[in-house]
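These notes concern the structure reproduced below.
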Amino acid sequence: MAMTKPAVQPDISRPSTKPSNPRFSSGPCAKPPAFSFEGLSDAALGRSHRAKIGKDKLAAAIDGTREILGVPDDYRIGIVPASDTGAFEMAMWTMLGQRPVEMVAWESFGAGWVTDAVKQLKLDARVHEADYGAIVDMASLDYDRDVCFTWNGTTSGVRMPNGDAIPADRGGLTLCDATSAAFAQDLPWDKLDVTTFSWQKVLGGEAAHGMLILSPRAVERLESYTPAWPLPKIFRLTKGSKLIEGIFKGETINTPSMLAVEDYLLALDWARSVGGLKGLMDRADANAKAIWDFCDARDWIDNLATDPATRSNTSVCLKFTDPRITDGAAFAKAVAKRLETEGVALDVGAYRDAPAGLRIWCGGTVETSDIEAMMPWLDWAFAAEIDAQAQAA
């Protein structure tokens, strides 16, 4: 029997406390609290990324990623162009086509990978989709096919609860877009053959650089299979049917930003200072819980994720449920605008393709105290907008 949420009258008085940092964007995300421009002073600016200093810093970025995420020693980690999008498309273009494919989508970016597979690569693909707020039944998939999916739906606030549905003895590869999950959620590496993410999400890094993590099975696919389509230079991971090992030691395909690399190294150091992966996960969990508790105490707002077990602890997506709201999209935009105008929450509108509502980033670089300071303002903005709507009627 479903529990009825309490009818809490929103506080229409103007709050007196504001967040110290109002940046709740889901990408690029808030910088680590310890960030300073002075911390970037050791960046190898004006130096070749192929010089020893550049190679060493790129290798340190790879090694730090492996250390904090707990990536197995026999998995390769590479820094590649074009953020998470570039990394995931590189994987699709180089590895898919040998087997039929299961394409899984429950939000905007997963839907984009479906378009790539069906319309661009024209693969033998079965498409599995779920509405925003729901998730595909991962146990229903055929893992003797290759499977492409997102771990955490950045635009829907829905995540995989675990990797239990993925069999250890699968015949196909699993390709996982983990861009808003890495460093905030526990990724089961034995269930993932290809994993991608970008620096701009949970660690608050700068954009344009992607991370590509390959299992031994993924490497075997690269070295034994040649796609039927041509590959641009920035997608090529093999030469003479052998993996280009240098890519996974910091010898990037194209020129990286050494300033962005230094920023990522600074973020990795901060991650160590808060307890590594567990500390980052705990921070994200505390941030998300502050919002969930707020919603549980009010009958006019709710989590977009329909199952509490699949609620994201990073990109928390909310929907307004008050029956007085006549135009959901306009109302949500107006609330987000009020919060931005007051300087208490920036960039919290729902993603353009998602249902109307709010999206509040809760990754580890966000302080729980800032989330808690922002929530009374959400009460105030909601009440103010309801009043404005009534007066306009």
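The calculated FRET efficiency for Thr321 paired with Asp282, based on their beta-carbon distance and R0 = 35 Å, is about 0.75. Ligands, DNA and RNA left out, the accessible area of the chain computed with a 1.4 Å probe is 51% carbon and sulfur.
Reported to the nearest whole Å, the Cα centre-to-centre distance from segment 331-367 to segment 209-245 is 38.
With the whole protein complex present, Glu223 retains an accessible surface near 60 Å², based on a 1.4 Å probe. Neighbours of Asp322 by Cβ distance under 14 Å: Lys/Arg scored +1, Asp/Glu scored -1, total -2.
Beta bridges per DSSP, both residues in the chain: antiparallel share near 60 percent. Taking a virtual spin label 7 Å from the Cα of Lys18 along the C-beta vector, which residues in segment 27-58 bring their backbone nitrogen under 19 Å of it? Hits in segment 27-58 for Lys18 at 19 Å: 30-31. The C-alpha atoms of the chain define a longest principal axis, and helix 258-273 lies at about 70 degrees to it.
Between Tyr225 and Asp186, the contour length at 0.36 nm per residue exceeds the Cα-Cα span by 11.0 nm. With all protein chains in place and ligands, DNA and RNA left out, the 1.4 Å accessible area ranks His128, His49 as His128, His49, largest first. So how far apart, in nm, are the two label points at Glu245 and Asp74 if each is 7 Å from Cα heading toward Cβ? With each label point 7 Å from Cα toward Cβ, the separation is 1.6 nm. Using a simple spin-label model with pseudo-atoms 7 Å out from Cα toward Cβ, Ser369 and Ala356 lie 3.7 nm apart. Relative to the longest principal axis of the Cα atoms of the chain, the long axis of helix 368-392 makes an angle of roughly 50 degrees. Dipole magnitude for segment 139-218: computed about the Cα centre from +1 point charges on Lys and Arg Cβ and -1 point charges on Asp and Glu Cβ, it is near 160 debye.
Hey, what angle do you get for helix 83-95 against the long axis of the chain, alpha-carbon based, 0 to 90 degrees rounded to 10? Taking the Cα atoms of the chain, the angle to 83-95 is about 40 degrees. Subtracting the Cα-Cα distance of Ala384 and Asp169 from their residue separation scaled by 0.36 nm leaves 71.8 nm.
Highest mean packing comes first when the peptides 323-329, 285-291, 361-367 are listed by Cβ atoms within 10 Å, giving 361-367, 285-291, 323-329.
The values are calculated or read from the model by the stated rules, or taken from the named source; none is laboratory data. Given the structure is predicted, the values throughout are model-derived calculations rather than measurements. Glycine gets a Cβ as well: all are built from the backbone with ideal geometry, and neighbour counts include every protein chain shown. These accessible areas exclude ligands, DNA and RNA; they are computed on the full protein's heavy atoms, side chains included. Shrake-Rupley method; radii C 1.70, N 1.55, O 1.52, S 1.80 Å.
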